[in-house]
Amino acid sequence: QVTEMPLDRLQAWVDGLALSDMEAKIAETILRELTARVSFLVDVGLGYLTLARQTRTLSGGEAQRINLANSLGSSLVDTLYVLDEPTIGLHPRDTGSMLDLLLRLRAAGNTVVVVEHDPQAILCADHVVEMGPASGEQGGHVVYEGPPDGLHDQDTATGRYLSGRSGTEVPEKRRRVDGPFLSLTGARQHNLKGVDMDVPLGALTVVTGVSGSGKSTLVHDVLYRAAERELAGETSAKEHLGESVGDYEALDGLSHLDEVVLVDQSPIGRTPRSNPVTYIKAWDEVRKIFADQHLSRERGYTPGHFSFNTKGGRCEECSGAGQVEIEMIFMADVYVPCEACGGKRYGRPILEVKYKGRTISDVLDLTVDEAIRFFIRQRKLGKTLWHLQQVGLGYLRLGQPAPTLSGGEAQRLKVARELSGAAGKKGRKLYILDEPTTGLSGEDVAKLVAVLHRLVDAGNTVLVIEHNLDVIKVADWVVDLGPGAGIYGGEVVAMGRPDVVARVPESVTGKYLAELL
C-alpha cells in the first residue's frame, strides 16, 4: 500500500506513524533519509509519482529530474553540474520549479552549466554563452557572451528571438473548426478519468497540460492505438501489434481518415548503414546520376553498383558501412573506420567515377545545404533534400550515421519523409507528434510550425503533444489536461480555440497563453 502512495502523500503517512520509543529510535535515521529524499522528488515536481512506478514508464524529463533530485540529496558543494536541456518535457509552470532548484544548487556553492533553448532558463541565468551563427558547418563560434539582458540588442538567433524580431507570430486568422471531428469518449488508462476529447479534422490540434497530467497516455496509449486497431478492422482485440490499447467507450470520425501516423523520436536505424539520405529515399536519385556518367556507361555500371548495401561496387571488407564494429566485452561495442576503404564505403573502381569533380563517397560527406547547391540542376533530388532543409536539418551530412542523430533530429527526419511522400497529393492522414520542438531554438520552432501547417494545408490532420507556447499559440484547437499531475490530473480542463482556453480560470496553460494572446 505504501509503494502505491503518491510521494507527496508519503510524508504525511510518515508523520502519522504511531511508533513506540524503541521503534522510533530504530526508525529515526531511516525515516529522516526517506523524508529528505522524498521531499527532493516533490520539489522537482514529481510528487505525483509512486514508489512502485517502473522506471521504463518514465518520460525523459521525469528521469532527468530524478537524477537532479539525487544530486540535491547528496548536498555537494564546489561541484560543477552540467545539464543538457533539463526543461525538455516540462510545462512552463514546471520549468519555473526546475529553475528554482538550479538556483538552489548555485546558492549552495556549486557551478551550474545548462545547455538550453527555453527563454525562461536563458533569462534566469547569470551568464549566457551563445554559439552560432548558424548550425553545423556554419556554427562553432561564440557569437555572444555576457548577461542575458544584453542579448536583446544582438543580431544573433537567440537575440532576435528574445527581442521578438523573429519566431512565430499569433496568426491573424485561424482555420475553421466546425467539423467533422474525431471524437474519443470515455478514455480510462492510468490516471485518465473517463476523458472525452474532440479533434477537428483538417486542423492543427495541440494537447497540452502540466507535466504528468496524462497527455501521452491519452494520445499515444488510447487514441493512436485505438485508431490503428479500428482502421485495421480489429475492433474487439485487446492489443494491437503487441501493444495494449487503453480503455475507451467510443471513437467516432475514423471514416474521414485513411491512415494514422505516429511521428515519434525513436531512432531511424541502429547501425551506421542507416542515414538521412537513404531514409528520405533520395539516394536512388544520386545513384542514377552517377550511373549516368560517361565512365559508368563505358564500364557498364548500373545504379546498383553505387549502392553501399549490395554487392557490386561497395567495399566488401566493411560491407559498405565504412566502419567496422569492434565487440567490447565489458563496454558497449564501438565502430572504427574500415582500413580497406578508409571509411569511403566503396571500392576503388567505383570511386573513379565522378560527377562535377566529386565521387559518390564525397557526396555522402556533403551537408544537406551543400548538396542542394551541388545538385542545383537536379530538380527531383533537390526538392526531396529541400524538405530536410525546411525542418531545420540543413546542417546534417547526407551520410551521417543514424546512431549519431538525436531523438529530435530523428523525429524531424520522419516529418521530412512524410512531406516528401505527400508532395502534390491530397491526404487524409492523422499525424501524431510528441514534443517535436525538442532541441529546437526559437527560430527553428518557427520553421517547424510552418511545416506542420503545410501538412494540414494538404488535407491532413496534425495532433501535437507540446508544452512550447510558440506552438500552442498558433494552433487551431487546444486540449488542455490537468488540473495537476498524476492522480491530480487526467481530466480535460479546457478545450477549444486558443483564445477560449486562455479565458478558462482553471487552465494553467491558459494563464500563460493569455499573456501571449
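Brief remarks on what is shown
- Inverse mean reciprocal Cα-Cα distance (Kirkwood Rh) of region 349-438, Å: 14.5
- Average accessible area per residue (Å²) across the chain - probe 1.4 Å, nucleic acids and ligands excluded: 49
- Peptides ranked, highest mean first, by Cβ atoms within 10 Å: ranges 180-193, 469-482, 216-229: 469-482, 216-229, 180-193
- In units of the compact-protein estimate 2.2 N^0.38 Å, region 32-149 shows a Cα radius of gyration of 1.18.
- With distances taken between every two different alpha-carbon atoms, region 207-359 has a Kirkwood hydrodynamic radius of 19.9 Å.
- Neighbours of GLY392 by Cβ distance under 13 Å: Lys/Arg scored +1, Asp/Glu scored -1, total -2.
- Cα coordinate range in region 404-517, projected on the principal axes (Å, largest first): 42, 34, 28
- No Cys partner within the rule (Cβ under 4.7 Å), the chain: CYS124
- Separation in nanometres of the label points that stand 7 Å from Cα toward Cβ, at ALA24 and LEU516: 5.3
- Carbon + sulfur, % of accessible area of the chain - ligands and nucleic acids excluded, 1.4 Å: 50
- Considering all different alpha carbon pairs of region 371-419, the Kirkwood hydrodynamic radius works out to 11.2 Å.
- Neighbourhood net charge (14 Å Cβ-Cβ; Lys/Arg +1, Asp/Glu -1) for THR310: +3
- For region 174-217, the equivalent ellipsoid derived from the alpha-carbon gyration tensor has semi-axes of 23, 13, 6 Å in decreasing order.
- Hydrodynamic analysis of region 442-481 uses the Kirkwood radius over alpha carbon pairs. Inserted into Stokes-Einstein at 25 °C and 0.890 mPa s, it gives a translational diffusion coefficient of 228 µm²/s.
- Computed over region 75-170: relative contact order in percent, which uses C-alpha pairs under 8 Å that are six or more apart: 21
- For the chain, averaging the sequence separation of C-alpha pairs within contact (under 8 Å, six or more residues apart) and dividing by the residue count gives a relative contact order of 17 percent.
- Taking the square roots of 5 times each eigenvalue of the Cα gyration tensor of the chain, largest first, gives ellipsoid semi-axes of 43, 30, 25 Å.
- Net charge of the neighbourhood of SER406, taken over other residues with C-beta under 11 Å away and scored Lys/Arg +1, Asp/Glu -1, is -2.
- Total charge dipole magnitude, region 111-266, about the Cα centre, Cβ charges on Lys, Arg, Asp, Glu only, Debye to nearest 20: 380
- Values of log10 I(q)/I(0), in the order q = 0.13, 0.20 Å⁻¹, for region 268-349 under a Debye, Cα-only, solvent-free model: -0.46, -0.94
The values are calculated or read from the model by the stated rules, or taken from the named source; none is laboratory data. Note that the structure is a prediction, hence the values are computed from the model and not measured. Methodologically, a virtual Cβ is constructed for each residue, glycine included, from the backbone with ideal geometry; neighbour enumeration extends over all protein chains shown. These accessible areas exclude ligands, DNA and RNA; they are computed on the full protein's heavy atoms, side chains included. Shrake-Rupley method; radii C 1.70, N 1.55, O 1.52, S 1.80 Å.
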